[in-house]
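Contents: one structure, followed by commentary.
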Amino acid sequence: KDYYFILGVSRNASSTEIKTAYRNGCKQFHPDKNAHPDAHLLFMEIHEAYEFLCDDENRRLYHISISKSNQNK
């Protein structure tokens, strides 16, 4: 999954930018606020992306895996 795409931020986004994108996404796709049938799924994806990217070690390893994936293409 491309967690940066899900949150709508660049790969070099700061922690503050990631947190802001997470909050905005939660407001937009919260199932109580959005009647779209897939709102809860989008809400869960946004939460997953934030939880992953807010952990510095996970984020570092994610960048390494992206780099390796791009080298193999």
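The values are calculated or read from the model by the stated rules, or taken from the named source; none is laboratory data. Keep in mind that what you see is a predicted model, and the values were worked out from it rather than measured. Positions of Cβ are backbone-derived with ideal geometry, glycine not excepted, and every protein chain shown enters the neighbour counts. Note: accessible area is taken over every heavy atom of the protein model, side chains too, but ligands, DNA and RNA are not part of it. Shrake-Rupley method; radii C 1.70, N 1.55, O 1.52, S 1.80 Å.
Miscellaneous remarks
- Rounded to 10°, Cα long-axis angle of helix 56-71 versus longest principal axis of the chain: 60
- For K1, net neighbour charge (Lys/Arg +1, Asp/Glu -1) across residues whose Cβ lies under 9 Å away: -3
- Accessible surface, per residue, of the chain when the full set of protein chains is kept, probe 1.4 Å, Å²: 72
- Dipole magnitude (debye, nearest 20) for the chain, charges at Cβ of Lys, Arg, Asp, Glu: 260
- Across the chain, Cα pairs under 8 Å and at least six residues apart give a relative contact order of 31 percent.
- Taking only protein heavy atoms and a 1.4 Å probe, the accessible area of the chain is 52% carbon and sulfur.
- Acute angle (nearest 10 degrees) that the helix 39-53 long axis makes with the longest principal axis of the chain, alpha-carbon atoms: 30
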